[in-house]
1. State whether the residues of the range 100-120 include one that is assigned to a loop (DSSP other than H, G, I, E, B), aromatic (Phe, Trp, Tyr) and either more than 17 Å from THR43 (Cα to Cα) or modelled with pLDDT of 65 or more (or both).
2. Does the range 57-92 hold any residues that are among the small types (Gly, Ala, Ser) and at pLDDT 70 or above, and which are they?
3. Mind checking which residues of the range 18-56 are assigned to a strand (DSSP E or B) and at pLDDT 85 or above?
Amino acid sequence: MKTIVSAVAIRRLALALLVSVAACANLEKPGPQSVAGMSPDGTVTMTEIIAAGAAAGKGTLYFQGRSHAFKLAGGVTGGGGASDAQVRGEVYNLHNLSDFAGVYTQNSGAAGFNKSTASDLWLRNNAGVVLHVTGTQTGMTLSLGREEILIELL
């Protein structure tokens, strides 16, 4: 699968990131503590390709008995290299479908090369929706420990 991140998607991500920085400043790093005592509200499957620090992909949200297609675009801070990730997981704190779209941030705090491995990521958007996804990543990317993806429902 060949995916090219469009200039429009990159501009949208940059604008969304600027708006989201202030809103996310006081949120704790997403992780298991973010969903303690909660049950998942839905599930997701995603395919993401990262090349030269830019990411693009697609996925499906399963929420309230229906499937909803979405696309994603984003980047890895300080990123380089190339990788392909296939992940699936749970969605928490999703009460309205409209809250699913937005910029999700994952901050692992671990800078360095990410090699082919099993992934275990926690991401949160400005609406407080938390994604916990696991899967596999093939290839290698350089990261400063922060990834942001913009999800848009189709």
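The values are calculated or read from the model by the stated rules, or taken from the named source; none is laboratory data. No experiment lies behind these values; they were computed from the predicted model shown.
1. Among the residues of the range 100-120, at least one is assigned to a loop (DSSP other than H, G, I, E, B), aromatic (Phe, Trp, Tyr) and either more than 17 Å from THR43 (Cα to Cα) or modelled with pLDDT of 65 or more (or both), which makes the answer yes.
2. Passing the criteria: GLY57, GLY59, GLY65, SER67, ALA69, ALA73, GLY74, ALA85, GLY89.
3. GLY42, THR43, VAL44, THR45, MET46, THR47
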